[in-house]
Ligand SMILES: Nc1ncnc2c1ncn2[C@@H]1O[C@H](COP(=O)(O)OP(=O)(O)OP(=O)(O)O)[C@@H](O)[C@H]1O
C-alpha cells in the first residue's frame with residue numbers, strides 16, 4: 001500500500017532521514033517510535049507530501065506521491081499539534097472541512113459523538129483546551145472513512161476516558177483492514193493496538209519487527225519491556241539517555 005525506498009532528507013546540515021526503506025500493507029497497525037528528533041514526524045510528512053525528500057521515492061498504491069495530491073483523500077491525518085483558525089468555532093471548522101472535501105463517502109461521526117463535541121460546536125478554537133483541540137483533530141482524521149490513518153502522538157493531551165475512546169476506535173478501524181500508522185512515546189498505550197513496530201534512531205530505521213516476533217525473541221509480554229530488552233542487546237556498552245523509554 002505504501003512503499004518507501006531509500007528516502008533521504010536534510011534540513012540544512014542536519015541529516016533527518018537517512019536511507020529509510022519501509023513497506024506498509026493493508027490491515028497493519030504500526031507503531032513508529034524513537035527518541036525526540038529522530039525523524040518520525042518528518043517521515044510521516046514525507047508520506048503526506050508535506051515534506052519533499054531530497055532522494056528516494058514514496059509510492060501509494062503503486063503510484064509515486066511526488067507531485068500528486070489525490071492519494072491524500074485516502075489518508076486521515078491527525079497531526080501532533082493541530083492548528084486551526086482561531087476565530088472559527090468547532091462547528092464551523094468541521095463544516096468547512098466537509099465542504100472542502102465534498103466527499104460522497106458516508107461520514108464516520110463515531111468520535112464526534114463519543115467525545116460529545118456537538119455540545120461544544122459554538123466554542124471558538126482559540127478558547128479550547130489542548131485536549132479538546134486534539135479531539136477535533138481526531139474527529140477530522142476519521143471523518144471521511146479513509147483507508148489509511150496516520151496518527152502523530154494521538155493520545156498526547158487526552159484525558160484517560162478520551163484516550164480509551166480513541167484507542168477503541170483505532171482497534172475498530174484496524175479490524176476493518178485499514179492501515180494505521182501511529183507515533184507514540186507512551187509504549188504502554190500501544191500494547192492492545194499494534195501489530196508491528198518500527199524503531200527509528202538518528203534518521204535511520206533501527207529495527208522493523210512484528211510485535212509477536214519481538215515478544216517471542218525477547219520473551220517479554222509488554223512492548224515497552226521487549227524494546228528495552230532489544231536495545232540493551234544491541235548496545236551492551238552504552239547507556240544512551242536518548243533511548244529512554246516511557247512505559
Ligand atoms: N522544517 C524544518 N526545518 C528545519 N529542521 C527541521 C524541520 N522539521 C524538523 N526539523 C528537525 O528535524 C529533526 C527531526 O524532527 P521530527 O519532527 O521529524 O522528529 P520526531 O522524531 O517526530 O520528534 P518528536 O518525538 O519530538 O516528535 C529535528 O531535529 C527537527 O528539529
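Each value in this text was obtained by applying a stated rule to the coordinates, not by laboratory testing. It should be emphasised that the depicted structure is a prediction, and the values quoted were computed from it without experimental measurement. Note: ideal-geometry Cβ built from the backbone for every residue, glycine included; neighbour counts use all protein chains shown.
Taking Cα atoms only, the orientation of helix 90-101 departs from the longest principal axis of the chain by about 80 degrees. In plain terms, the residue of 195, 133, 183 with the fewest other Cβ atoms within 10 Å comes first and the most crowded comes last, giving 195, 133, 183.
Hey, could you get me the Stokes-Einstein D for the range 11-56, Kirkwood radius over alpha-carbon pairs, 37 °C and 0.692 mPa s, rounded to whole µm² s⁻¹?
D, rounded to a whole number, is 275 µm²/s.
Computed per residue of the chain from DSSP H runs no shorter than four, each worth -39500 (n - 2.57), the mean residue ellipticity at 222 nm is -9000 deg cm²/dmol.
The overall shape of the chain is prolate: from the C-alpha gyration tensor, with semi-axes ordered a ≥ b ≥ c, the ratio a/c is 1.5 or greater and a/b exceeds b/c. Rounded to the nearest 10 degrees, the inclination of helix 223-234 to the longest alpha-carbon principal axis of the chain is 30 degrees. Cα centroids of the range 144-184 and the range 51-115: 14 Å apart.
In square nanometres, what is one fourth of the surface area of the convex hull spanned by the alpha carbons of the range 93-235?
Working: hull surface 41.1 nm².
Across all orientations, the range 93-235 yields a mean hull projection of 10.3 nm².
Between residue 54 and residue 232, the contour length at 0.36 nm per residue exceeds the Cα-Cα span by 60.8 nm. Between 0 and 90 degrees, rounded to the nearest ten: what's the tilt of helix 130-142 against the longest Cα principal axis of the chain? Taking the Cα atoms of the chain, the angle to 130-142 is about 90 degrees.
What is the calculated FRET efficiency for residue 127 to residue 212, with r their C-beta to C-beta distance and R₀ = 51 Å, to the nearest 0.05?
Details: r = 45 Å, r/R0 = 0.88.
Result of the calculation: an efficiency of 0.70.
Straightening the chain between residue 171 and residue 120 buys 15.7 nm, computed as 0.36 nm per residue apart minus the Cα-Cα spacing.
Histogrammed with a bin width of 10 Å, the alpha carbon distances of the range 1-102 distribute as 12, 40, 31, 16, 1 percent, first bin at zero.
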